[in-house]
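Contents: one structure, followed by commentary.
The values are calculated or read from the model by the stated rules, or taken from the named source; none is laboratory data. Please read all numbers here as calculations on a predicted model, not as lab measurements. Neighbour counts are summed over all protein chains in view; Cβ atoms, including those assigned to glycine, are modelled from backbone coordinates with ideal geometry. Protein only, heavy atoms only, side chains kept; ligands, DNA and RNA dropped before computing areas. Shrake-Rupley method; radii C 1.70, N 1.55, O 1.52, S 1.80 Å.
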Number of protein chains: 2
Amino acid sequence: MTEDVRRSEALGDTQNGDNGGTATKNSSKTGQIRARNKARIIAAAEEVFAAKGYEGATTAEIALKAALPKANVHYYFSTKEAIYRAVIDNILDLWLEPFQRITENDDPAEALSTYIRTKVMLSRDRPLASRIYANEIIRGAPILADYLGSDLREWVAEKSCVLRGWAKKGLMDPVEPAHLLFLIWASTQHYADFQVQAKAVLHHRDLTEDDFETAVQTITRIVLKGCGVKAD
Amino acid sequence: MTEDVRRSEALGDTQNGDNGGTATKNSSKTGQIRARNKARIIAAAEEVFAAKGYEGATTAEIALKAALPKANVHYYFSTKEAIYRAVIDNILDLWLEPFQRITENDDPAEALSTYIRTKVMLSRDRPLASRIYANEIIRGAPILADYLGSDLREWVAEKSCVLRGWAKKGLMDPVEPAHLLFLIWASTQHYADFQVQAKAVLHHRDLTEDDFETAVQTITRIVLKGCGVKAD
DNA sequence: GTCTATAGGCTGATAGAC
DNA sequence: GTCTATCAGCCTATAGAC
């Protein structure tokens, strides 16, 4: 990760449009403009990368969506790859955070239910992020290779201990932990990555609140019952 | 689907290299050369599209991998999109066929087990096909939109009847059929689409026969038990 | 049917006036 | 910091000799 922009509000930024065009005074204002423009570029880039893939995305389209001249985009991010890295960087902890605080002392039924719900709702609220991540992995993870082998790997190892601990206590069946996590990731992210397919199959319209709720219920039920998790 | 090349041996074609360069006689041989070259192009294109995405793939690279001059590729397929359509077309029935013959009279435990195993093995044997399909859907299905709303939709509707029938007979729980299918698709295709991630998390090496076997076992077990399918 | 050479268009990136 | 004008390179696709 070249630049760590994780905590900047890169999305949902409803441009509180003071300081419209030309600089007025310029002192501490500068940093604000910079942050705001970078955030706009990242938000625009997320849309374009999600829809077109890395190679299909053009800096021209990103600039257009960010309502900035193309050269301005290159002023903030020297290369297209730099924009992409910033976008990916923004996405990463979104992925790991939801299951972060869970320990062996938690109740498995509740912990897994919450995790599944959180992941489905992430698919509902941040489908673009999910698609970009999926695209990155499908392409062979050219940017995220290191992350997969270090951070994610460790994260899975930790959570595998928790799952094995629950099994040892007889709170659930001894299911292969990594494969269980794969199943949960895949089936929850499916509602973001394959949303067009789900829409087409279910009713041709945008997925509704009910669809996501049914998804949560179905996945939760199959996983809990399928892993023999004792209800609390 | 512009051209239906479904049944041509587009892959695993170990170029049985008679008739090396220049044409010798040319009569019924012509059709063979044509078929062989088209198959080589499709096979090469599958690799490139899977690795680079639609926009990232170049006809030059496809030609290089097919060991043909670039202009020759354009002779068989006039546009890049035509190559892509041929590749996609080749993939499609691969997706629907495995669950095709299943009816309400079959045993759910056996039918679902076989389906899951077949899908995982498809991920093992044709990961590139799976990735191209995933990429197409993630991008919003520009080519497959019609297919999703017609063929696939009907297929899901039919299979939903079978699943509901089983539930009515008390052979399994009344699970929302489409969402169950989504879960099975997602969790099985995961081993193709997110293979780099699975590799990195599991052991940094290529997935082994055992990995796929464990995947089959884990998914099958969770789905069957999770849906309350009676063992036969 | 094959293949070289090239047209024509779009891309990422920059120079340099404001 | 902003933005117009522009470049060099790569891309798909084709013309035309063999």
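Couple of notes before you dig in:
- Selection of the range A:115-142 for residues being of a type outside the set (D, E, K, R), part of a loop (DSSP other than H, G, I, E, B) and touching a residue at least 24 places away in the same chain (Cβ under 8 Å) yields an empty set.
- Looking only at the range B:139-152, residues that are open to solvent by 10 Å² or more (accessible area, probe 1.4 Å) and either within 17 Å of the chain's Cα centre (by Cα) or over 14 Å from A:Leu202 (Cβ atoms) (or both) come to 9 in all.
- Positions within the range A:36-65 being closer than 24 Å to A:Pro142 by Cβ and among the aliphatic types (A, V, I, L, M), in sequence order: A:Ile41, A:Ile42, A:Ala43, A:Ala44, A:Ala45, A:Val48, A:Ala50, A:Ala51, A:Ala57, A:Ala60, A:Ile62, A:Ala63
- Some residue of the range B:24-44 being within 14 Å of chain A (Cβ to nearest Cβ) and modelled with pLDDT of 90 or more: no
- Boolean, A:Ile116 is away from DNA strand C (no atom under 16 Å from the Cβ), under 15 Å from the mean Cα position of the chain (by Cα) and not polar (S, T, N, Q): yes
- Candidate set: the range A:81-113, residues that are charged (D, E, K, R) and outside any helix (DSSP H, G or I); chosen: the one nearest to DNA strand C (Cβ to nearest atom): A:Arg101
- Qualifying residue in the range B:96-113 (condition: within 13 Å of DNA strand D (Cβ to nearest atom) and among the hydrophobic types (A, V, I, L, M, F, W, C)): no
- Of the residues making up the range B:82-98, just one is touching a residue at least 40 places away in the same chain (Cβ under 8 Å) and either in contact with a Cys (Cβ under 6 Å, 6 or more places away or on another chain) or open to solvent by 50 Å² or more (accessible area, probe 1.4 Å) (or both), namely B:Arg85.
- Residues of the range B:163-195 classified as open to solvent by 50 Å² or more (accessible area, probe 1.4 Å) and at the interface with chain A (Cβ under 8 Å from one of its Cβ atoms), total: 1
- A search for C-beta distances below 8 Å between a residue of the range A:31-45 that is farther than 15 Å from A:Pro69 by Cα and any residue that is modelled with pLDDT of 95 or more and within 16 Å of DNA strand C (Cβ to nearest atom), counting only pairs 6+ apart in sequence or on different chains, returns A:Ala43/A:Ala66.
- Pick from the range B:65-80, criterion part of a helix (DSSP H, G or I) and in contact (Cβ under 8 Å) with a residue 12 or more places away in the chain, ranking: farthest from DNA strand C (Cβ to nearest atom): B:Lys65
- Set A:Ala145, A:Ala198: member being free of Cβ contacts under 8 Å to residues at least 60 places away in the same chain and within 7 Å of another protein chain (Cβ to nearest Cβ): A:Ala198
- Odd one out for B:Glu47 among (1) within 15 Å of DNA strand D (Cβ to nearest atom); (2) away from chain A (no Cβ under 14 Å): (2)
- Any hit, the range B:179-189, residues being assigned to a helix (DSSP H, G or I) and more than 29 Å from A:Phe49 (Cα to Cα): yes
- Verdict on B:Tyr54 being assigned to a helix (DSSP H, G or I), assigned by TED's automatic domain parsing to the domain that holds B:Ala192 and buried (at least 18 other Cβ atoms within 10 Å of the Cβ): no
- Some residue of the range A:109-118 being among the β-branched types (Val, Ile, Thr), within 14 Å of chain B (Cβ to nearest Cβ) and within 25 Å of B:Tyr54 (Cβ to Cβ): no
- Only residues that are facing chain B (nearest Cβ under 8 Å) and either open to solvent by 50 Å² or more (accessible area, probe 1.4 Å) or not hydrophobic (A, V, I, L, M, F, W, C) (or both) were counted across the range A:201-216, and they come to 2.
- Test result for B:Ser160, more than 17 Å from the chain's Cα centre (by Cα), open to solvent by less than 20 Å² (accessible area, probe 1.4 Å) and more than 8 Å from every other protein chain (Cβ to nearest Cβ): yes
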